[in-house]
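Working notes, structure below.
The values are calculated or read from the model by the stated rules, or taken from the named source; none is laboratory data. Here the structure is a predicted model, which means the values were calculated and not measured. Quick reminder, even Gly has a Cβ in these numbers, built from the backbone with ideal geometry, and neighbours come from all protein chains shown. Keep in mind that these areas ignore ligands, DNA and RNA; they rest on the heavy atoms of the full protein, side chains included. Shrake-Rupley method; radii C 1.70, N 1.55, O 1.52, S 1.80 Å.
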Amino acid sequence: SSSFFGLPSRGAGEAEMRLRSFCLGVAALLCLPRCSGAKKVSVKEVVFDSAVSDIQWIGADQKTVLVQTAKGRLYRSIDGGDKWNEITDQLQGPDAVRVPIIVDSLSKSPADQDTIMVTGKQRNHFVSSNGGATWRRVRQKSKIHTFIFHKTRPKWALLSTWTEACEAGSSRTKKSDDEEVDTSPCTHELYITKDLGRTFTLVTSYVVQFSWGHSDKKQEDRIYLTHLRDKKGDQQKLYTWSESVDFAYTDDGGRRLHRMVRHGNKFLVSHGFIFVAKLKDSKTQTVNLLTSNDGGVTFRNAKLPQEIEEKSYTVLDTSEGAVILHVNHGSAEPPLHVGNVYISDAEGVQFTLSLPNNVRSSSGDCEFDKVLSLEGIYIANFRDVARSDGDSSGEAVATKKAEANKEAEELEGEASAGTEVDKRRGPKAKSKDESVIRTVITFDKGGVWSYLKPPKVDSLGAKIDCPPDKCWLHLHGVTNFHNYAPFYSTENAVGIVMSTGNVGPYLRFEPDQVNTYLSRDGGLTWVEAHKGAYIYEFGDHGGLVLMANDIKKTKQVVFSWNEGQSWYDFELSEIPLEVDNIVTEPNATSTKFLLYGTRGDAGIMYHLDFEALGQPLCKGVWAADSVSSDYETWSPSDGRGADKCMLGRQVTYTRRKQTSECFNGEKFERPVNRKNCECTEQNFECEMGFTRKVGSMECKFADDGTITIPQTCTSSDYFYAIAHRKVIGDTCEGGWQPRKVAVPCPANARLSRGAVSVLGTIFMVTAIMGGITVLSRSERFKGVFANYGFDNFGSVQYTTIGGKTPETALDSCGTRFDTDFIDGDQDDFDNDAPQLMQYTEGGDRDRYRDRERDREFRENRKADAAASQVPKLAKPPGGAGGDD
């Protein structure tokens, strides 16, 4: 990112600052278990004119180091930082006219490790192609705004500058009261050089953003840019999305510009993908994201699973074939300063929600980072609050949030300002907001997220006591780097991750609550490395870990040669300093470190050489796991299965045993073996339109409108959809395969045939009954619908069965037995008759009396009805006597 602050210029004589380089000898005598008393860590101190602002390693062997200070001075070392020389005035050459030089920035060429550009604040810029041994002035007298080297051509570069009219503040000036002189307007101009700054050619003006193409699509010589469509008048810096900006490219240095996306304001080219933020609505300041994976031939709208406003984007990672995208939806409602993380398909078009409420800063930095030494592992911070769609962790989340808020409010009154260092490191927001920040980790590229497992004991061996439902490890991210060191990993330190944070229900920001933690298995398990917040660095391929307190002034350094199993400390000097950082060469293979900070206004740097310990080189790399070998094999795991498969494969690394007292050496090459595993549900993430909770494997239907509803779908029906898709880059074979899941049709879908038939029938019956009711009330038809009782059925004749049967229907109702109907009918249930009417003590007697009367009536009726037509039954032969 660009810096927009400057420092006052100083004369050349006044700018010469004292530089001392001397050996302090051994600040502390440190002996490892196998060391003799003469083995010591070499410590050398150098004092700069001001604090260190940038460090660059150059040269093929990474032994040449350039340091830029806050006051714009430049220092060079050719032995990895052991000895230093100030070279600021040497940039101009021996015969040049001396002018004040204040270094603004350093830019190293990715195509040539010996080529580096120094951009000056006072319109003087220099370039070196031999690692800073000699310098040549760049023929560009304007202030350089941005300088970008070509990725494969060491002499090619792009340079942008704002014209002089921009500094004057107006494109029109007056020489006198009578004369008005026109000057060129204020514009942002883009130039190209193909001879390392000897000549420059104008590409175009009114430029907003620019970049080289990517080699993945053989477009490394192409220039992508965004520029103003109307090239008139003064160009204003864009602080909002604009409808007058287009995205374009040129293949011939600007002679022809080809527009690719109208209203395309900002873009990013990364790993074969091109992303363009296109203005959607200038009033609401919303944008759409367009993506292309074919070199810009076609652009497609990124399909996000939520139809909500998109204010800005941060592309988090594209290194593993998929796009991990952070979208700022710009919500004015809490939680604030968050965005959603989405994972794309292989084409970078269809995105599925991976992690909601990822913490972000106002500048677009997101607390989301990759464990660089391993595949598919990411660590992120998010605000653990209820989701807007109501799908949260329910009462548990609400309870945890309430408890966290209560605890935070209590702590808020306890915080004190302390020293200036404490103020600088202090929290920037209220604890009640910070209290809901939690840290999660994924081992399958965002498919499943889970909380970090806390260590069981602290660095002093005491048991960490916290309730299981409130006990996780939480780490500080990049948005708070000015207070605490964020989670950190390097490519060559396999499996090692360090960070500052705390154990508990949520992330804490009070200095006395923050400690330093280390993991040697890619974030699966953690140990507390030291009490307090420290800054850290890895060396010797992760075999050497160095750290120092960066919260308080210190004169002590702590290191481990066995990946955190044991720690040793020694003193740098008798005078403490405020530590800013610890660094080593970019490959993290060396055993030499540079620790720098400040002591008052002066910049302090220590060169720490651990080769002086005399540790031998490790042996037996190809016989790992044997007794005689210093190495072991290790496979990363997510802790959910015994097969240790991640992203569909088991990867086996060779690393030094924790107890081996040796160094890997800078030339160590780590053996790595891979084999594919059988597929399980863990190898799949949720398809677009489905989501997972943190810690859950179930993909639930999100009902966010991203799934196309079949036309045959009815409101009472279901349709089937694929809820899973394989994680991009996963290589598992066979095994579990996703099946279609039943998804309920939306309530506003059309009705089924059965429902239409039922509703139609109900409507017809209702209409008929309504018509009958209306007609029955009419005087004209009242007689037709009048009910005259049983008199109307007096002429209906019945066939007689017995001599005493009634002749007509009216006669059959002449004798009523309504009063005994309920009790009489229950004779068949004599053993378990329902007790419906037992309200008085005499109920049983009345019931028995009613039953006797009813039985007597039936006996009489039975004899009359069957008198003439039914023959009387005879007793069975040989049967016992007796009456019926």
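Each part reduced to its alpha carbon centroid, the stretch 626-640 and the stretch 48-106 end up 43 Å apart. Placing +1 on the Cβ of every Lys and Arg and -1 on the Cβ of every Asp and Glu, with no other charges, gives the stretch 244-327 a dipole of roughly 360 debye about its Cα centre. Here is the list for the stretch 204-248: trypsin sites (Lys or Arg not before Pro) lying in DSSP coil, each with at most 12 other C-beta atoms within 10 angstrom of its C-beta, are K218, K231, K232, K237.
Any idea what the relative contact order of the stretch 39-142 is, in percent, if you count C-alpha pairs under 8 Å spaced at least 6 apart? Reported as a whole number, the value is 19 percent.
If you take the beta carbon distance between A346 and F701 as r and set R0 to 35 Å, what does 1/(1 + (r/R0)^6) give as a FRET efficiency, to the nearest 0.05? Don't jump to the answer; show the numbers that get you there.
On the way: r = 23 Å, r/R0 = 0.67.
Efficiency computed from Cβ-Cβ geometry: 0.90.
Put a plus charge on the Cβ of each Lys and Arg, a minus charge on the Cβ of each Asp and Glu, and nothing anywhere else: the dipole of the stretch 576-639 about its Cα centre is then about 180 debye. Label-to-label distance, A111 versus L202, with points set 7 angstrom from Cα along the beta-carbon direction: 2.5 nm.
With the cut-off at under 15 Å, measuring from each backbone N in the stretch 100-142 to a point 7 Å along the Cα-to-Cβ line of E164 picks out 123-124, 140-142. Shown here for the stretch 638-673: trypsin sites (Lys or Arg not before Pro) in loop regions (DSSP other than H, G, I, E, B) with at most 10 other Cβ atoms within 10 Å, namely K667.
Rank-order 481-492, 617-628, 441-452 by packing density, defined as the average count of other C-beta atoms within 10 Å over each peptide's residues, highest first.
Values: 481-492: 19.8, 617-628: 13.1, 441-452: 23.2.
Per-residue mean Cβ counts within 10 Å order the peptides as 441-452, 481-492, 617-628.
With a Förster radius of 25 Å applied to the C-beta separation of D643 and S450, the computed FRET efficiency comes to 0.85.
Mean separation of Cα pairs under 8 Å and 6+ residues apart, divided by the residue count of the stretch 565-623: what relative contact order is that in percent? The partial results should precede the final answer.
Working: 59 pairs, mean separation 14.5, N = 59.
Answer for the stretch 565-623 is 25 percent.
Which percent of the accessible heavy-atom area of the stretch 634-699 goes to carbon and sulfur, probe 1.4 angstrom? Roughly 41 percent, rounded to a whole number. Computed with a 1.4 Å probe over protein heavy atoms only, the accessible surface of the stretch 480-554 comes to 25 Å² per residue.
Given +1 at the Cβ of Lys and Arg, -1 at the Cβ of Asp and Glu and no other charges, the dipole of the stretch 551-664 around its Cα centre is 320 debye to the nearest 20. Projecting label points 7 angstrom from Cα along Cα→Cβ for R300 and L257 puts them 3.0 nm apart.
Our Cα-only numbers for the stretch 649-719 put the radius of gyration and Dmax at 23.2, 71 Å. Restricting the GluC sites (Glu not before Pro) of the stretch 529-606 to loop positions (DSSP other than H, G, I, E, B) with no more than 16 neighbouring Cβ atoms within 10 Å leaves E574.
Taking every alpha-carbon pair under 8 Å whose residues sit at least 6 apart, the stretch 183-225 reaches a relative contact order of 29 percent. Put a dot 7 Å past the Cα of A612, heading toward its Cβ, do the same for V457, and the two dots end up 3.3 nm apart.
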